[in-house]
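In what follows, a single structure is set out as structure tokens and then discussed.
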Amino acid sequence: MRLVLILSLAILSGVSLAVSGCGGGQARTEGTAASATATAAKVEQAGVHLDALTQSMTNIREISMGTDLKVVYKAFANDHAAVTNDVVAINKGIEATETKARSQADEWNRQNATIQDPELRAATAKRLTELRLAVDGLIASSGQFQSVSGAYLVRTAEIKRVLDVDLTTGGIAAIKPSLTKAIDGVGSLTTSFADVSAKVKAIVDMLAAK
């Protein structure tokens, strides 16, 4: 009778742990996916703001007689601030997603180490590897994004600083080559936006794959 009781308690304890672990695992998965999804949304918003920034720079470059310079400059300054804030938010989102995904992978690895069934352990190890590869892809994309976005924001910030002290038709004429370079160079940042978006979505897709 005592042996039966001990076995019963052990089984109940195992069930309790399994249920608890499952719930914790689900919460971690949901947290990682939510962070990645939110980051993708921030990238999408940044794309809209970047289009607006490109247009405002074009408006300055193509300024015509009689146009209120203060109005076009204000639009440019606001759009530049929006993109700058977006880049900061994206970097924070990437960092949060990476942290959550790595924490999930570490816990996943610890759990997998306790699985005795070789076939089951191999199957879940494959999924764990897929998650780690997806995270590595995001990290690589993040490094490129920081480099490209940083360079672009410095370039456009310098244009803003020049216009701050020389907002005249002559001043604008003098920096037209720089404006053109910034406008033509937006493609590299657009490409980097798209790559970050693809990488965070890859994490969401991996976690949702059946």
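Here, each number is a calculation from the coordinates, and none is a lab measurement. A quick note: this is a predicted structure, and the numbers were derived from the prediction, not measured. Don't worry about glycine lacking a Cβ; one is built from the backbone with ideal geometry, like all the others, and counts go over all protein chains shown.
A few comments on the model shown:
- Near Lys181, once Lys and Arg are set to +1 and Asp and Glu to -1 for all other residues with Cβ below 13 Å from its Cβ, the sum equals +1.
- For Val165, Val148, order by how many other beta-carbon atoms lie within 10 Å, fewest first: Val165, Val148
- In this label model, Lys176 and Lys92 are separated by 4.1 nm, measuring between points 7 Å along each Cα→Cβ vector.
- Cβ-derived FRET efficiency at R0 35 Å, Asn85 paired with Ala123, nearest 0.05: 0.20
- Note on the chain: lysine pairs with Cα distance below 22 Å, sequence gap of 8 or more or different chains, count 23.
- Three-way shape label, segment 100-174, alpha-carbon gyration tensor, a/c 1.5: prolate
- As a rough guide to protection, the peptides 150-160, 29-39, 105-115 ranked by mean Cβ packing within 10 Å, highest first, stand as 29-39, 150-160, 105-115.
- Axial C-alpha extent at least 18 Å, average Kyte-Doolittle at least -0.5 - helices from the chain (DSSP): 2-61, 118-165, 186-208
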